């Protein structure tokens, strides 16, 4: 079966592109810790390397590592690598992350296709136990609720449980297979549908980070303990519902350095359960140019474009600074 990068063109997902630019704007504010150009970037480049290209062009980062689990497509990844400064490691992230030198500050975007599972939680543990102060960790996971089960799946459930089919219990069994004991106590099948699944996944990730930092800090003096401050809580849907959460790891004595980053000046920063919904309205190039000519503006000013709904105009006004520019070039 081909990798997801042969099914979905990750370079052309508008909501994902907006999120990518928002993250880049936040990463740019890390300069109170050190020069951004001296950070290391670690991610999953796939064959498009969209985040690598953006961070290299916009931030000047040259120490870049792409982890690729599809070891059967090495030639393809090497051919599509856009810059020589991008190193490639072909292995699952669970194998690569423990081998890295975590003595340098790192921007890490673990951008998974999969739903949250024990392997992803293992990667989070590795980073939280080892990453140095001033590092940024971002985790993206698929938060699409389970589709309605097929007749075969319903029959298998009844055969395994000896009970009539129960959709809530079916979803709960799948969730336990993914994250086991990390599933919050009291979670019901009703909590695993719609936006509730993303809420549960964010809670599990947040608890996992807190648990690992507690282990790490147990033997450290107060001033050297590592804290975590959430900065990102995005939800978007170019196809499947996706969840992105993350933030900065820093020593307790560096609160003022974090304050100097002024992350709160960015409109998409979310420090808790409230999320930033990334929505990309479908607009023509002419409609975008017309709106851009009126932006930025005061909230009280009503923007208008013939044939475009007020809702789509509001969505665009919220993200226009980060909106991707797609174009088609026709060769005669």
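Suppose the filter is within 18 Å of residue 15 (Cα to Cα) and either out of contact with any helix residue (DSSP H, G or I) (no Cβ under 8 Å at 6 or more places or on another chain) or in a strand (DSSP E or B) (or both); does residue 318 pass it? Taking the combined requirement at face value, the residue satisfies it. In the range 297-314 there is no residue that is in contact with a helix residue (DSSP H, G or I) (Cβ under 8 Å, 6 or more places away or on another chain), in contact (Cβ under 8 Å) with a residue 40 or more places away in the chain and not in a loop (DSSP other than H, G, I, E, B). Take the conditions surrounded by fewer than 20 Cβ atoms within 10 Å (Cβ to Cβ), part of a helix (DSSP H, G or I) and in contact with a helix residue (DSSP H, G or I) (Cβ under 8 Å, 6 or more places away or on another chain) and apply them to residue 197. Does it pass? When the stated conditions are applied, residue 197 does not pass them. Taking the criterion of being surrounded by 12 or more Cβ atoms within 10 Å (Cβ to Cβ) and either over 34 Å from the mean Cα position of the chain (by Cα) or assigned by TED's automatic domain parsing to the domain that holds residue 229 (or both), the residues of the range 157-175 that qualify are 158, 161, 165.
Scanning the range 70-79 for residues being exposed (fewer than 15 other Cβ atoms within 10 Å of the Cβ) and either farther than 13 Å from residue 45 by Cα or under 23 Å from the mean Cα position of the chain (by Cα) (or both) gives a total of 3.
Taken over the range 212-225, residues that are touching a helix residue (DSSP H, G or I) at 6+ places or on another chain (Cβ under 8 Å) and under 27 Å from residue 180 (Cα atoms) amount to 4.
Quick one: residue 233 ticks every box in (1) surrounded by fewer than 22 Cβ atoms within 10 Å (Cβ to Cβ); (2) without any contact (Cβ under 8 Å) to a residue 60 or more places away in the chain; (3) in the same structural domain as residue 120 (by TED's automatic domain parsing); (4) in contact with a helix residue (DSSP H, G or I) (Cβ under 8 Å, 6 or more places away or on another chain) except a single one, so which number is it? Every condition holds for residue 233 apart from (1). Quick one: would you say residue 178 is within 25 Å of the chain's Cα centre (by Cα), assigned to a helix (DSSP H, G or I) and outside the structural domain of residue 24 (by TED's automatic domain parsing)? Against the criterion (within 25 Å of the chain's Cα centre (by Cα), assigned to a helix (DSSP H, G or I) and outside the structural domain of residue 24 (by TED's automatic domain parsing)), residue 178 qualifies. Of all the listed residues (255, 274), the sole one being exposed (fewer than 14 other Cβ atoms within 10 Å of the Cβ), assigned by TED's automatic domain parsing to the domain that holds residue 124, out of contact with any helix residue (DSSP H, G or I) (no Cβ under 8 Å at 6 or more places or on another chain) and part of a loop (DSSP other than H, G, I, E, B) is 274.
The values are calculated or read from the model by the stated rules, or taken from the named source; none is laboratory data. Just so it is clear, the structure is predicted and the values come from calculations on it, not from any experiment. Cβ coordinates were reconstructed from backbone atoms using ideal geometry, including for glycine residues, and neighbour counts include every protein chain displayed.
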